[in-house]
Amino acid sequence: MHWGAAEIESDGRRLTSVRPWREDPDPSRILENLAAAHRHPARIDQPYIRQGWLEHGPGPAARGDDAFVPVPWETALDLLAGELRRVYGTYGPDGVFGGSYGWASAGRFHHAQSQLHRFLNCLGGYVRSVNTYSYGASQVLLPHVVGDVGLVMAGATAWPVIAEHTDLIVAFGGLSPKNSAVASGGIGRHVMGPSLAAAVARGCRLVSVSPLRTDTDIRLGAEWIAPVPGTDVALMLALCHVLDAEGLADQSFLDRYTVGYPRFIGYVRGEADGVPKTPAWAAAVTGIAAGRIRGLARQLTAGRTMITVSWSLQRAEHGEQPVWLGLVLAAMLGQIGLPGGGFGHGYGSSSDVGNARRMFAPRLSQGANGIDSYIPVARIADMLLHPGAAYDYDGRRRRYPDVKLVYWCGGNPFHHHQDLARLRRAFARPQTVVVHDPFWTGTARHADIVLPSTMSVERDDIGVGSGDSTMFAMAQLTEPYGQARDDYDAFAAVAERLGAEKSFTEGRTAREWLGHLYGEWRSAMRAAGHEMPSFETFWDGESLPIPVPDPGQVLLSAFRRDPVRSPLRTPSGKIEIFSGVIDGFGYADCPGHPVWLEPSEWLGGYPVRYPLQLVANQPRRRLHSQLDVGAFSQEGKIGGREPAAMHPADAAARGITDQSVVRLFNDRGSCLAGVTLTEDVRPGVVQLSTGAWYDPDPADPSFCRHGNPNVLTADRPSSALSQGTTGQLAMVEIEPYPDLPPEITVYRPPRTAAGLSPDR
Ligand code: PGD
């Protein structure tokens, strides 16, 4: 599972015992959600059709409030096949959006997006989405400046190397234990915590730069620097200024391995704009004393230093800048490519960053898409609201497609997208929305055709995380909930109705696919010189290690050894401190070298009406919105609401008391939350994690009764370069909620229209 391997027992229906895998040194408590969630009434028990769609047929409609009509599987499959036939026949693949962003569940075969994409490709293709909500700004930036995203993520210096060699880790955005509890596709052994503990025991120092003290495990004793949220760039610029002014920059490294340093350092010195980026300048922006910044800069050169930037920092307006600048700062220190020094991006953001790259794993082919139409993933609402409108992206001028049918399988945009009231207006535009999910999520409630999916404990699969090297046989443990079916079976049945069954299933059952995928992989591994056991031996065993070619990998070590023979895939072959390509795009919000740009909303410059800075980060007690109904997630709620952390001084100024229910609001929306008061957040900051299921007030969908912060965040792109999400930060005000808090209804299935004939 995404949050770790587990040893689970069941009576065939319920999960009777869920324990972490005994070889996991630092398991995640998210596992504690599984048993209760598995049979929770919020599961979808059978197929449903939205009443309005059934009565009036496809077309734009206010989605989200209607009743749902339970229908037999055969009826739902017939309706779905008929609608796909109509939309493909009338509009072609350009009328179908199948991006379907989301983490779904672990498992190489039943991976929901892979299933959906393969299915839609068998029908001719679909409009897809590119990049992620996790690090969308970096995905577009890094190819320009260092040549490759995968290089930085999968090629990150391995944890054992850090544990052995690093003297100082400066972590912009911290090294979050809650985020490193999870990894896409799963994780066998969680190693970040033990590795950091070993490094600290050896004498390594940690500096955690974040408005939240808990962004690095408090037990590690890190020095906490808490700048104004969104101002890390100013802090980094001042560090660069000190290195330059005091002659501490490694000029020979900069000359040999980078291009564009003179342009950049001219900006730091204030040659271009008359503003030297001194510690005093940065102190006014960040709220960190100039002396402290200067002191930190001097420590950077004292030993082996790792500069790391979390993914969360780039989930903000101008999110490219802290990542680019982290790389530049590390380049000035001259330790890139040396064991334990240099640059990292994503340590503590996902469990797999810092795992040495493994060899490939079994994979289901998604076939070929018949069209080449896409949007940057976080532009979903813009696409639905403004078909045909022009936008910029990575140097190109593009237009949004005119989508008629939206298909989601394995994601929850009413969790992950920003400004949910706007997303709801956008979801009223298509003619049909189809959703597969095990649970009645916000997204399922905004669909027309809803199909119940199995959870991974209800099917056989092969499990290995995208960055993990332990493969597991995931045997089915219980019967499916209600009439839930594997997504694969649902797609196969629709494909059969559309004459595409042969290309979709290739004549195999799900179980036969597992043997087939494993067999293909085993042959490829043999060709690469690695003998793997038979499928039967793998299936009966506990776990199977996938070979890791270089367990002691160091990011960019080959480039450092020989930049001529191992150049980067950038135009210059070097690290681009100044990128002529990006500069040539002419984007004011992402110029040719990293700069400080004031965000539209921040503590330093926003109207006093919303004086608190919301940090809407990843949750500790679940994965995104997954398993919010589970025991561990529920245990954290306050008055049934999602917990929000704020500083006692801010609370006192507003008459807010600990453990009380409050209302957070701004011009976009409002939500309730339960307050915890703590000095572990910077004054002026309030933290409310994502993932509480969206529970809109029927009279006002911009008001979430439960605590989903995405009613407050802005649907504003990081920049014209990347069009990434900016969901991490927003300005809000908070007030006590003196009334009896309204009932939360999202954990119950939606209203059904009983007795209505499903046969049209
Ligand atoms: P999940 O809750 O994981 O969130 O957004 P994402 O959509 O990935 O949704 C996965 C859905 O898949 C769940 O509804 C689950 O029930 C369903 N599912 C699980 N297994 C299956 C299956 O086998 N079949 C089917 N059909 N469905 C299945 C996450 C996204 O949120 C991410 S990655 C990030 S990094 C962003 N982070 C932030 C943030 O920091 N701040 C804000 N404000 N917003 C964010 N949103 C983003």
- Item | Student exercise, the chain dipole from Lys, Arg, Asp, Glu Cβ charges, in Debye to nearest 20 | 720
- Output ³J(HN,Hα) for the range 162-169: one whole-Hz value per residue in order, computed from phi by the Karplus curve 6.51 cos²θ - 1.76 cosθ + 1.60 with θ = phi - 60°, and x for Gly and Pro. 5, 4, 8, 10, 6, 9, 8, 10
- What angle, in degrees between 0 and 90 and rounded to the nearest 10, separates the Cα long axis of helix 112-122 from the longest principal axis of the Cα atoms of the chain? 60
- Task: Kindly provide the GluC sites (Glu not before Pro) of the range 645-754 that DSSP labels as loop, not H, G, I, E or B, and whose Cβ sees at most 15 other Cβ atoms within 10 Å.
- Result: E679, E743
- Inter-part distance where the range 518-537 and the range 567-617 are each reduced to a Cα centre, Å: 45
- Item | Equivalent-ellipsoid semi-axes of the range 363-411, from the Cα gyration tensor, Å, largest first | 22, 15, 11
- Shape descriptors of the range 218-324 over alpha-carbon atoms, Rg and Dmax in angstrom, are 14.2, 44
- Sticking to Cα atoms, compute the Rg of the range 544-640 to one decimal and its Dmax as the biggest Cα-Cα distance, whole number, in Å. 22.9, 61
- Query: With labels modelled as points extended 7 Å from the Cα through the Cβ direction, what inter-label distance (nm, one decimal) is found for E74 paired with R298?
  - Reply: 8.2
- Item | Inverse of mean 1/r across different Cα pairs in the range 343-446, Kirkwood, Å | 16.7
- Item | Extension gain, L597 back to R526 (0.36 nm per residue minus Cα-Cα distance, nm) | 20.4 nm
- Among residues other than R298 whose Cβ falls under 12 Å from its Cβ, what is the net charge (Lys/Arg +1, Asp/Glu -1)? +1
- Item | Label-point separation, E55 to D255 (7 Å along Cα→Cβ), nm | 7.9
- Item | Under Karplus coefficients 6.51, -1.76 and 1.60, residue-wise ³J(HN,Hα) of the range 577-585 in Hz, glycine/proline x | 6, 10, 10, x, 5, 5, 4, x, 5
- Task: Specify the inter-centroid distance of the range 658-690 and the range 202-227, based on alpha-carbon positions, in whole Å.
- Result: 22
- Message: List the residues, sorted by chain then number, that are 5 or more residues from M471 or on another chain and whose placed amide H is less than 5 Å from its amide H.
- Response: L544, I546
- P20 neighbourhood, Cβ < 12 Å, K/R = +1, D/E = -1, net charge -1
- Task: Could you list which residues have their amide H under 5 Å from that of V686, counting only those 5 or more apart in sequence or on another chain, with H placed in the peptide plane?
- Result: Q613, L614, V615
- Query: Roughly speaking, what % of Cα-Cα pairs in the range 398-528 are separated by over 25 Å, rounded to a whole number?
  - Reply: 43
- Can you give the % of DSSP beta bridges in the chain that are antiparallel, to the nearest 5? 45
- Expected unfolding gain across D700-D583 under the 0.36 nm per residue rule, minus the alpha-carbon gap, is 37.8 nm
- For K502 and S543, calculate 0.36 nm times their separation in residues minus their Cα-Cα distance, and state this gained length in nm to one decimal. 11.5 nm
- For H345, the residues 5 or more places away or on another chain with a placed amide H closer than 5 Å to its own amide H are V309
- Task: Determine the calculated [θ] at 222 nm for the chain from helices alone, applying -39500 (n - 2.57) to every DSSP H run no shorter than 4 residues and normalising by the residue count; nearest 500 deg cm²/dmol.
- Result: -8000 deg cm²/dmol
- Message: Helix 487-497 against the longest principal axis of the chain: what's the angle in degrees, Cα atoms only, rounded to the nearest 10?
- Response: 50
- Residues in the range 720-738, backbone N under 19 Å from the label point at R569 (7 Å along the Cα-to-beta-carbon vector): list them, ranges by number please. 722
- Item | For the range 377-384, Karplus couplings with θ = phi - 60° (6.51, -1.76, 1.60), whole Hz, Gly/Pro x | 3, 7, 9, 4, 5, 4, 4, 6
- If you check each cysteine of the chain for another cysteine whose beta-carbon is under 4.7 Å away, which ones come up empty? C122, C204, C240, C409, C590
- Message: Eigenvalues of the Cα gyration tensor times 5, then square-rooted: what semi-axes does that give for the chain, in whole angstrom, largest first?
- Response: 41, 31, 26
- Simple spin-label model, 7 Å along Cα-to-Cβ: A653 to E635 in nm? 3.5
- Cβ-defined net charge surrounding S660, 15 Å radius [Lys, Arg +1; Asp, Glu -1]: -1
- Task: Please determine, in degrees from 0 to 90 and to the nearest 10, the orientation of helix 232-245 with respect to the longest principal axis defined by the Cα atoms of the chain, where the helix direction is its Cα long axis.
- Result: 30
- Separation of alpha-carbon centers, the range 316-368 and the range 45-123, rounded to whole Å: 36
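Just so you know, all these numbers are worked out from the coordinates, no wet-lab data involved. Nothing here was measured: the structure is a model prediction, and the numbers come from that model. In this analysis, Cβ positions are derived from the backbone assuming ideal geometry, glycine residues included, and neighbour counts consider all displayed protein chains.
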